[in-house]
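Heads up, the thing below is written out as structure tokens.
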Amino acid sequence: MLIFAGIDTTSNLFGACCYALSIHPEWQIKLREEVQKQYSTYEQLNSDNINVSNQITNFINECMRMYTPVPYFIEREVKQDHKVGDYFLKKNSEVSLCLFPNNYDSKNYKDPFTFNPDRWNQQGIDPFVFLPFSIGKRNCIGQHMALMELKCLLVYLLMNFEVNSVGEKQVWTFKFVYTIQNEKFIKLKRIGK
């Protein structure tokens, strides 16, 4: 389970980031400029300086919000009888939470259907609304590693490739079982060499 959870979700999110770069070229340019300012070579990237760029972090957060790699259910066991609104939750029953609607609720995010990594510069985003790695004692134990991997992949990608969509604008689709998107979704063009 750990292998599946760690590899598949990270690769799915990287695919979503590539998709976002392809349909938002202005962000691709902005992030590439940021990467070029921070690192003259990929070899300069290390655990001490990987978190320097707020723009890359904001971009990843927005991709996790809009194209979350785990859009469906987080299951929890009810520890004691509890009433939530009109619902009664009985002790020892299983509750499945679908967190995805939070990401597109206008009560939580201004213009939720607009891709806007700058929204993450704002203070006061509720940590109980944006839950890409869950929260509490049972949150994702690999979240820091996943984010480091993703940042390394994005830095390498932005240093070496231009990401473009293929044909007409493709639409990212969510799948319960992780599978590859359309094989002709994006194309990479080598740059700078």
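Read-outs: derived from the displayed coordinates by stated rules, not from any lab. Computed from a predicted model, the values in this text were never measured in an experiment. Ideal geometry is used to build each Cβ from the backbone, glycine not excepted, and the neighbour counts take in all protein chains shown.
A 21 angstrom limit on the alpha carbon distance is what I want to check against. Which of Lys30/Lys187; Lys110/Lys137; Lys37/Lys187; Lys79/Lys137; Lys37/Lys110 exceed it?
Values: Lys30/Lys187 19 Å; Lys110/Lys137 30 Å; Lys37/Lys187 25 Å; Lys79/Lys137 14 Å; Lys37/Lys110 30 Å.
Too far apart for the 21 Å limit: Lys110/Lys137; Lys37/Lys187; Lys37/Lys110.
Within the shell of other residues whose beta carbon sits under 13 angstrom from the beta carbon of Val163, the net charge comes to +2, with Lys and Arg scored +1 and Asp and Glu -1. Backbone amide hydrogens, once placed in the peptide plane, bring Leu89 within less than 5 Å of His82, Lys83, Val84, excluding anything fewer than 5 places away on its chain.
Would you kindly calculate the translational diffusion coefficient of the range 21-102, applying Stokes-Einstein with the Kirkwood radius from alpha carbon pairs, for 20 °C and a viscosity of 1.002 mPa s, and quote it in µm² s⁻¹ without decimals? Numbers along the way, then the final one.
Working: Rh = 16.4 Å.
D = 130 µm²/s.
Here the Karplus curve 6.51 cos²θ - 1.76 cosθ + 1.60, taken at θ = phi - 60°, turns the phi angles of the range 62-69 into couplings of 5, 5, 5, 5, 7, 10, 3, x Hz, with x standing for Gly and Pro. Counting charges near Glu94 (Lys, Arg +1; Asp, Glu -1) among other residues having Cβ under 9 Å from its Cβ returns a value of -1.
Equivalent ellipsoid of the range 1-149: semi-axes from √(5λ) of the C-alpha gyration tensor, largest first, are 32, 19, 13 Å.
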